[in-house]
1. Would you work out the relative contact order for the stretch 1-86, in percent, from Cα pairs under 8 angstrom that are 6 or more residues apart?
2. Which aspartates and glutamates, if any, have their Cα less than 15 Å from the Cα of Lys15, not counting same-chain residues under 8 positions apart?
3. How large are Rg and Dmax for the stretch 1-45 when only the alpha carbon atoms are used, in Å?
4. Decide, for the stretch 21-69, between rounded, prolate and oblate: order the square roots of the alpha carbon gyration tensor eigenvalues as a ≥ b ≥ c, take rounded if a/c falls under 1.5, and otherwise choose prolate if a/b is larger than b/c, else oblate.
5. Under a GNM of the chain (C-alpha, springs under 10 Å), which listed residue has the highest mean-square fluctuation: Arg46, Arg14, Arg141?
6. Using a simple charge model, +1 on the beta-carbon of Lys and Arg, -1 on the beta-carbon of Asp and Glu, nothing else, what dipole does the chain show about its Cα centre, in debye to the nearest 20?
7. Give me the lysines in straight-line cross-link reach of Lys94: C-alpha distance below 19 Å, same-chain residues under 8 apart excluded.
8. Using label points projected 7 Å from each Cα along Cα→Cβ, tell me how many nm separate Asp134 and Thr92, to one decimal.
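The numbers here are math on the coordinates, done by the rules we state, and not lab data. Quantities reported herein were computed from a predicted structural model and do not represent experimental measurements. Using ideal geometry, Cβ is built from the backbone for each residue, glycine included, and neighbour counts are taken over all protein chains shown.
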Amino acid sequence: MSKNPVQLKRDNKRKKKFLKHLAMSSHVTQSAKAANIPLSTLYLWRDRDAKFLDDWLNALAAGYELLEMELLHRARNGVEKPVFRNGEKVATVKEYDNGLAFRLLMAHKDMVARTRAARAENTDRATQLRQTLDQKINQMRERLQNREGLSQNIKYGSNSA
């Protein structure tokens, strides 16, 4: 049984709200509540609608990127923490989470290595391509010089007799 246009429009609005919240939170249950959609309905839509599944995965990826950027910011810039004395805030200190920084570093270690290897491979390919082009240009230059030499001999005649 197909839904009427009003229901479809309402469902599409709810889907957009869910996906937007998911991209910000990376949390399916919170996003479902924010969009007022039962989890069972979400999973049904996800299983039956390939585009919604794709949008869901893209929203999750965007949410994880935001989370990663926030964690990276905290690891690099620290977090201001209040200092209390006798129940009163007297100062703030910046704390750095070295464990977090190390985990982020390890998570990206393989990606950095792959990127460096790809750059090296591209540099090698570019060098090989440049050498091949240089060889072809030199061969073309030699052929042209040979033709010009022949045409000069034909034009002016050769005094070999």
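1. Answer for the stretch 1-86 is 28 percent.
2. Lys15 reaches Asp47, Asp49, Asp54, Asp55.
3. Values for the stretch 1-45 (Cα only, Rg and Dmax): 10.7, 34 Å.
4. oblate
5. Arg141
6. Here the chain has a charge dipole of around 580 debye.
7. Of all the lysines, those that pass the test against Lys94 - Cα under 19 Å, at least 8 places apart if same chain - are Lys81.
8. Here the modelled spin labels are 5.8 nm apart.
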